[in-house]
Amino acid sequence: MSAPVLGGARPGAAAGRGAAAGPARGPSRGSAAHRAASYVVLVVFALLALGPVVTVLVAALSPESAAAGDGPRVANFADAWVQGRFGQYMATSALVAVVVVVAAVLLSIMSGYAFGTMEFRGREVLFYLFLLGIMVPAEAVVVPLFFDLRSLGLTNTVWGIALPQVAQSVAFGTYWMRAYFRTTNRSLIEAARLDGAGPHRLLWSVLVPIGRPAITTLVLLVFMWTWNEFLIPLVMAPAGQLRTAPLGLALFQGQYTQGTSLLAAGAVLVALPVVVVYLVLQRHFIRGMLEGAVRE
Amino acid sequence: MRGRSPRGRLTPYLFLAPALAVYGAFLLYPLARAVQFSFYDYDGLTVGTPVGLANYAAVLTDEGLRDAFGHALVLIGFFSLLPLLIGLVLAALLVRSRVRGLPLFRTVVFLPQVIAMVVVAVAWRRIYAPDGTLNQLLRAVGLDGLTRTWLGDYATALPAVGVIGTWYSTGLVTVLLMAGMARVPPELYEAASLDGAGPARQLRAITLPAIRPEIAVALTLTIIAALKTFDLVYVTTGGGPGTSTTVPSYEVYRRAFELGEVGAAAAVGVVLTVLIFGINLVVNRVADRQR
């Protein structure tokens with residue numbers, strides 16, 4: 001049967017049965033007109049995709065008023081960082097992201113290892129319980145989370161922002177790591193066992209090192225989801241001392257009608273970490289977001 | 001794994017325990033609590049009173065909530081159907097033409113997926129602003145009459161938010177469909193052309209059946225993205241003007257944390273979850289049956 005596993009909890013936590021985007025190869029035919037039309041479409045749609053990005057970049061580099069002189073104004077970024085407090089917001093985001101990524105990936109490796117390589121009672125039921133979580137949107141859980149964590153004194157803490165996101169990421173991560181562990185070579189596992197490696201040594205010294213690509217993809221996806229998350233930090237930290245970067249940007253936008261260059265510079269800063277990592281390791285992003293659900 | 005010591009039999013559970021604990025406490029338990037909340041009239045401060053299914057009935061009868069789900073339906077058209085149509089044409093054109101630069105194209109059109117939605121919203125607010133890029137373009141080509149405050153006009157606010165969704169989804173859908181189409185053996189098309197089948201016929205008879213799984217994934221992902229539009233609406237319009245761009249996820253937030261209608265908010269969240277489960281099931285069922 002197929003696993004009905006498509007992402008709800010975290011945007012793009014999905015599960016494509018499609019192959020990873022490989023280089024497209026077509027037949028050698030195709031008239032010159034077809035090629036020309038293809039180039040036009042290629043360029044037009046690339047420009048459409050980049051348009052809004054360029055708009056913000058240009059605004060971020062523009063002087064606040066015409067009187068301030070011309071030429072790109074890199075100082076806007078420094079102003080956003082200090083006056084706009086984006087430095088502070090980015091630090092909060094980094095802290096939350098580190099907690100979520102480390103916790104979610106470690107827990108997912110362990111649970112995926114159990115589901116992927118061991119047999120035990122209740123395995124199927126428990127696995128489907130995790131699959132359920134991939135589809136649950138944050139909108140459904142955020143209301144009780146706020147009231148319950150407030151009574152525990154966990155709102156306005158890093159834990160209150162991070163733990164719900166760890167839970168969401170663990171649902172996808174368990175699914176993702178299980179798929180990796182199921183593809184690992186059985187004989188490798190047997191050989192390690194015969195060498196006297198216990199389950200811990202087998203996992204941390206054998207399977208994790210060779211599973212680096214799968215783990216890297218998971219790290220990047222969880223980092224992206226956490227960095228870009230908006231609803232959970234908005235709800236869980238109402239006091240305002242713990243503002244993640246997207247939250248800081250949204251509130252800055254709401255508060256100041258002036259300062260559009262500063263706002264744009266802040267927007268660039270907020271987007272930058274994920275975009276830079278994406279440009280360097282894009283294969284992981286595209287593969288991770290499109291691929292996922294393997295047929296069972 | 002048979003014939004292990006009692007300690008060995010516990011091993012899988014020990015590896016599972018930490019993940020299950022966090023997952024249970026911060027996702028499953030809150031989900032159950034959301035269902036519980038949804039049967040109460042609760043303001044978040046005083047003790048709630050049980051109201052049975054009234055909060056669910058409100059999803060159908062309350063004009064504000066009905067409108068929000070109606071808007072979500074419109075957004076699905078922009079986030080999902082429109083990108084699917086554009087993506088099909090783009091992918092069909094590009095995948096078999098031997099143009100250079102496809103990897104770069106893929107990188108560029110996928111970019112909207114990794115940018116925080118709040119940043120996307122800030123960018124598009126500039127485009128839609130009274131003196132923004134769109135109105136400047138219209139004035140430049142002499143269409144001054146068409147300029148308006150796109151996000152502040154009752155007639156255009158929802159489509160304007162929708163277009164942002166189209167921008168956001170189209171690259172993802174195109175990349176997905178291109179991956180699917182690249183799998184189709186080129187000989188099939190050559191045989192079809194020899195038989196006199198034109199491009200439209202080839203698309204219907206060869207391409208579409210072959211990429212059904214990719215279409216299913218594309219639809220599921222983008223429909224869910226449309227249903228979960230929160231940050232985009234929060235930053236671009238705040239649900240306005242009036243209530244012309246409210247969406248279910250925005251209603252969850254507004255009712256729970258601004259209006260003190262916690263039970264109703266929980267019910268909307270539960271309905272949203274059920275919808276997402278249902279869409280997953282239906283889309284995958286349909287994709288499976290036709291294989």
quick shape note, the range A:37-136: Cα extents on principal axes in Å, largest first -> 73, 48, 22
Burial-style ranking of A:233-240, A:120-127, average other-beta-carbon count within 10 Å with highest first, yields A:233-240, A:120-127
Unit-weight point scatterers at every alpha-carbon of chain B, Debye formula, q = 0.09, 0.11, 0.12 1/Å: log10 I(q)/I(0) is -0.62, -0.85, -0.96
The answer for the net charge of residues other than B:Gly70 whose Cβ lies under 15 angstrom from its Cβ, with Lys and Arg +1 and Asp and Glu -1, is -3
Dividing the helical contributions, -39500 (n - 2.57) per DSSP H run of n ≥ 4, by the residues of chain B yields a 222 nm value, nearest 500 deg cm²/dmol, of -20500 deg cm²/dmol
Among B:Pro18, B:Val35, B:Asn280, the residue whose Cα sits farthest towards the positive end of the charge dipole of chain B (+1 at Cβ of Lys and Arg, -1 at Cβ of Asp and Glu, taken about the Cα centre) is B:Pro18
Taking r as the C-beta separation of B:Thr49 and B:Arg98 and R0 as 56 Å, the FRET efficiency to the nearest 0.05 is 0.25
Karplus ³J(HN,Hα) for the range B:83-97 (6.51 cos²θ - 1.76 cosθ + 1.60, θ = phi - 60°; Hz, whole; x = Gly/Pro) runs x, 5, 5, 4, x, 4, 5, 4, 5, 4, 5, 7, 5, 9, 9
The answer for B:Tyr40, listing residues at least 5 apart or on another chain whose modeled amide H is closer than 5 Å to its amide H, is B:Val51
Hull volume per residue for the protein assembly as shown, using the convex hull of the C-alpha atoms, in Å³ is 182 Å³
Footprinting proxy, A:Thr183, A:Thr217: sorted fewest to most Cβ within 10 Å, the residues are A:Thr183, A:Thr217
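Taking the Cα centre as origin and putting +1 on Lys and Arg beta-carbons and -1 on Asp and Glu beta-carbons, what dipole magnitude results for the protein assembly as shown, to the nearest 20 debye?
That gives a dipole near 2180 debye.
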In order over the range A:208-214: 3J(HN,Hα) from phi, Karplus 6.51/-1.76/1.60, θ = phi - 60°, whole Hz, x for each Gly or Pro, gives 5, x, 7, x, 3, x, 5
Here the relative contact order (percent) of chain B, from C-alpha pairs under 8 Å and at least 6 apart, is 29 percent
Going from the fewest other Cβ atoms within 10 Å to the most, one would list A:Val100, A:Val40, A:Val275 as A:Val40, A:Val275, A:Val100
With the charge dipole of the range B:65-289 built from beta-carbon charges (+1 for Lys and Arg, -1 for Asp and Glu) about the Cα centre, the Cα from B:Leu177, B:Tyr189, B:Phe257 projecting farthest to the positive end belongs to B:Tyr189
Answer in debye to the nearest 20: the dipole magnitude of chain B about its Cα centre, from +1 Lys/Arg and -1 Asp/Glu charges placed on Cβ, is 1420 debye
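None of the figures in this text is laboratory data; all of them are computed from the coordinates on show. None of the values given here were measured: they were computed from a predicted structure. Positions of Cβ are backbone-derived with ideal geometry, glycine not excepted, and every protein chain shown enters the neighbour counts.
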